[in-house]
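Worksheet for the structure shown next.
The values are calculated or read from the model by the stated rules, or taken from the named source; none is laboratory data. No experiment lies behind these values; they were computed from the predicted model shown. Cβ coordinates were reconstructed from backbone atoms using ideal geometry, including for glycine residues, and neighbour counts include every protein chain displayed.
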Amino acid sequence: MFQDSVVVVTGAASGIGKRTAIEFARQAARVVVADIDDRLGAAVVDGLKSEGLEAVFVRTDLTSEADCENLIGAAVETFGRLDVLVNNAGIEISTPLHDMSEHEWDKLVDTNLKSMFLCSKHALRKMIEATNGVIVNVCSVSGLVAWPGIAAYNATKGGVMMLTKSLAVDYARYNIRANCVCPSIIDTPMTDTSIGHDATVKEEKAKLNPLGRLGTPEDVANAILFLASDKSSFITGAALTVDGGYTAI
């Protein structure tokens with residue numbers, strides 16, 4: 001499906017990003033794994049290469065414009081072009097808004113929203129030249145509804161939602177599509193940090209979804225690959241929920 005396509009995936013050292021990088025590579029894409037974690041990022045690439053797949057790791061601080069520009073440049077220099085950007089990196093800080101420090105707010109905004117602006121900015125320049133490209137942003141159901149207790153996180157994801165729609169509107173004339181996926185609670189290391197490892201707690205969270213289970217990184221990766229593929233060629237500016245029915249209630 002993605003034979004010889006060049007795909008950049010941010011936050012690809014673990015969780016949704018890791019699974020997405022793996023699935024693209026297994027569909028014959030050439031994958032650029034971007035993350036600030038050298039050890040885990042390199043391990044993802046080593047695993048892909050052991051399967052005979054094409055991938056490189058580029059250490060990237062996604063809050064730095066120089067690093068984001070270098071990431072996109074490295075993708076083009078290594079593989080000759082850029083077809084797909086998956087803006088996946090994100091964090092959650094659950095401090096109540098009235099207790100949140102300015103540093104915490106800035107860290108959330110920089111990681112969850114600014115990083116998508118920076119990577120998209122430099123990817124778009126390459127995609128405009130090629131008059132072709134796809135951007136898929138990993139948003140959240142928090143971009144659609146307000147999860148209790150994480151107002152700042154919700155705000156960043158609302159920003160991702162509108163950034164995605166704006167990209168779709170502004171760059172359609174260059175044959176560039178932009179969509180986002182909106183997961184609910186996905187069983188990832190970030191979720192373990194947020195809600196813990198306790199199986200009982202996870203079971204209670206799973207009951208929030210009509211399907212009665214937590215999502216998996218594969219669930220989200222499959223949606224991302226669909227939005228990046230020609231099978232969604234007439235879809236842009238859309239938000240695809242991957243939430244087990246959570247937002248249908």
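T131 - would you say it is among the hydroxyl-bearing types (S, T, Y), at negative phi and at pLDDT 95 or above? Judged against the criteria, T131 is not a match. Taking the listed residues D170, D198, the one that is among the acidic types (D, E), within 23 Å of L118 (Cα to Cα) and without any contact (Cβ under 8 Å) to a residue 24 or more places away in the chain is D170, with no other qualifying. If you check E69 against the conditions, is it closer than 12 Å to H122 by Cα and either of a type outside the set (A, V, I, L, M, F, W, C) or loosely packed, with under 15 Cβ neighbours inside 10 Å (or both)? Taking the combined requirement at face value, the residue satisfies it. Checking each residue in region 72-91 for being crowded, with 20+ Cβ neighbours inside 10 Å and either polar (S, T, N, Q) or over 11 Å from A123 (Cα atoms) (or both) picks out F79, N87, N88, A89, G90. For region 79-98, a residue qualifies if it is outside any strand (DSSP E or B), among the hydrophobic types (A, V, I, L, M, F, W, C) and within 19 Å of A221 (Cβ to Cβ), and exactly one does: A89. Scanning region 221-249 for residues that are among the β-branched types (V, I, T), loosely packed, with under 15 Cβ neighbours inside 10 Å and assigned to a helix (DSSP H, G or I) turns up just one, T247. Looking at the structure I just gave you, is R39 at pLDDT 95 or above, out of contact with any helix residue (DSSP H, G or I) (no Cβ under 6 Å at 6 or more places or on another chain), of a type outside the set (S, T, N, Q) and not in a helix (DSSP H, G or I)? No. Of the residues making up region 201-220, those that are assigned to a helix (DSSP H, G or I), at pLDDT below 95 and surrounded by 14 or more Cβ atoms within 10 Å (Cβ to Cβ) number 3.
Residues of region 128-164 that are outside any loop (DSSP other than H, G, I, E, B), surrounded by fewer than 17 Cβ atoms within 10 Å (Cβ to Cβ) and not aliphatic (A, V, I, L, M): E129 alone. The single condition from (1) touching a residue at least 24 places away in the same chain (Cβ under 8 Å); (2) assigned to a helix (DSSP H, G or I); (3) of a type in the set (G, A, S); (4) surrounded by 15 or more Cβ atoms within 10 Å (Cβ to Cβ) that A178 fails is (2). The single condition from (1) touching a Ser or Thr at 6+ places or on another chain (Cβ under 9 Å); (2) under 22 Å from I91 (Cα atoms) that A42 fails is (1). If the condition is being crowded, with 24+ Cβ neighbours inside 10 Å and not hydroxyl-bearing (S, T, Y), then region 20-29 contributes A21, F24, A25, A29. The residues of region 42-70 that are within 15 Å of V9 (Cβ to Cβ), not in a helix (DSSP H, G or I) and not aromatic (F, W, Y), listed by number, are L53, E54, A55, V56, V58, R59, T60, L62.
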